[in-house]
1. In whole Hz and in residue order, list the ³J(HN,Hα) couplings for the range 75-89 that follow from phi through the Karplus curve 6.51 cos²θ - 1.76 cosθ + 1.60, θ = phi - 60°; x for Gly and Pro.
2. Rounded to whole Hz and in sequence order, give me ³J(HN,Hα) for the range 2-9 from the Karplus expression 6.51 cos²θ - 1.76 cosθ + 1.60, θ = phi - 60°, writing x for Gly and Pro.
3. Counting other C-beta atoms within 10 Å, which of V113, V49 has the fewest, and how do the rest follow?
4. What is the distance, in nm, between label points placed 7 Å from the Cα along the Cα-to-Cβ direction at E183 and at E5?
5. Once the piece of chain linking I123 and T72 is laid out straight, how much longer is it, given 0.36 nm per residue of separation minus the C-alpha distance between them?
6. What spacing in nm lies between the two simple spin-label points modelled at T12 and K29, each 7 Å away from Cα in the Cβ direction?
Amino acid sequence: MKDNETIVEMITRFIDIVNGLEALGKSYKESENVMKILRSLPSKWHTKVTAIQKAKDLTKLPLEELIGSLMTYEINLAKKQQESEDKKKKSIALKESSSHGDKERWEKKRDLVCFKCKKLGHIKYDCPLYKSEVKRRKKKTMMITWSESEDESFEEEKEKEVANMCFMAIDELDEVNSNLSDEDIHDAF
């Protein structure tokens, strides 16, 4: 198949060649013609050729059915190609309009005055002085928070140590004295 050739043009050319060969006494089976057509398709048709080879029995596939399937696939390829070209055109148009919008925004920004540094072209939020000041404040805040958390964690550890203390007593009595009163026992503890 030639680069600019459609399926109909290729099949017409193929049938002319086959008819010429038959006139000279050389004939081919329909399954051989189907295989020759599939082999002659370019690489962009590779997926369709593979699908036909896997789904159909090529020895029993009529030439007309193959041609119909290839024509349908060609129409789908043309639609996809047209859609992708349309998307490219739309994206180019969008890019141009967005660059025009950027130019308008720049012209508007040119008239702005910063309240922080009193320079033209930006607002306080975009001011380099303001941004550096905000960074410094954040660093100080982080340092204060970090040092407070260290102090708190140290105090918590101290409390945990006190809370985790345990006392133990061992008492060994060999004799049992039954003359002890309740007050004596209470005083012992």
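Every number here is computed from the coordinates shown, using simple stated rules; none is lab data. Treat the numbers as computed from the prediction; the structure is a model and nothing was measured. For neighbour counting, all protein chains shown are included, and Cβ atoms are generated from backbone atoms with ideal geometry for every residue, glycine included.
1. 5, 5, 4, 5, 4, 4, 5, 5, 5, 5, 5, 4, 5, 4, 5
2. 7, 4, 8, 8, 8, 4, 4, 5
3. The order, fewest Cβ neighbours first, is V113, V49.
4. The two pseudo-label positions are separated by 12.8 nm.
5. Full-extension gain reported as 12.4 nm.
6. According to this spin-label approximation, the distance is 3.1 nm.
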